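We did not get these values from a lab; they are worked out from the coordinates using the rules stated. In this text the structure is predicted, and so the values were computed from the model without any measurement. Positions of Cβ are generated from backbone atoms using ideal geometry, with glycine treated the same way; all protein chains shown enter the neighbour counts.
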Amino acid sequence: MGNPQALGFLGEKLTAGKDYPGAEMWGNIPVAIKMMECALGQGYGPSAYDLSYLYVVLRTPDGTSDGERTTETKERALQVLHTGVRLGCEKCANKLTIEFGDPFDLANMLVPYIDKARAERYGVLSRELGFNPNARFPNLDKVLPLPPADLPPWNGDRDTLLHAAKGISPPPATPQPSDASQLQKPYFLAAG
């Protein structure tokens, strides 16, 4: 019926195999990739996390791989993780926080270089998604573009980043009464 959550779930289940997979075990990988891409295309962000792994491991669309990570596969995985963050995937945001800030394996990292500023911003988005799994960030590319684009300025305020990524304007500040206005007599006097 095209349900994105079901497509993502089944796509992830189709990637299962033995501990020492042979070529025959991975016959469902092309179908799994198509299902997860369809789920992601319908706005289901969590499928991006599993899809990024398949993009890195698999080099060809037919599901064959020689296990080599290429620049293209890493870039494709990075793009899909970023899309997952835009669509509300907390695991994708966590992965990118680690990748940009403190990767486990420098030889196999997805990002072109360590960038603590990007890691900090993905961390803010990750925490927001942890508290609010329904959050979406349609303006993510404007506030946190992928390299080689430069990062726009940010004042370090969490709410400023979140409002900009969500594409909403912050509520207007309520004016504080000045000292002079507080000394004036009230217009209405209490009856006494």
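Quick notes on this one:
- Neighbour net charge for T97 - beta-carbon separation under 13 angstrom, K R +1, D E -1: 0
- Pairs of Cα atoms in the stretch 4-170 fall into 10 Å distance bins, from 0 up to the last occupied one, in shares of 11, 38, 34, 15, 3, 0 percent.
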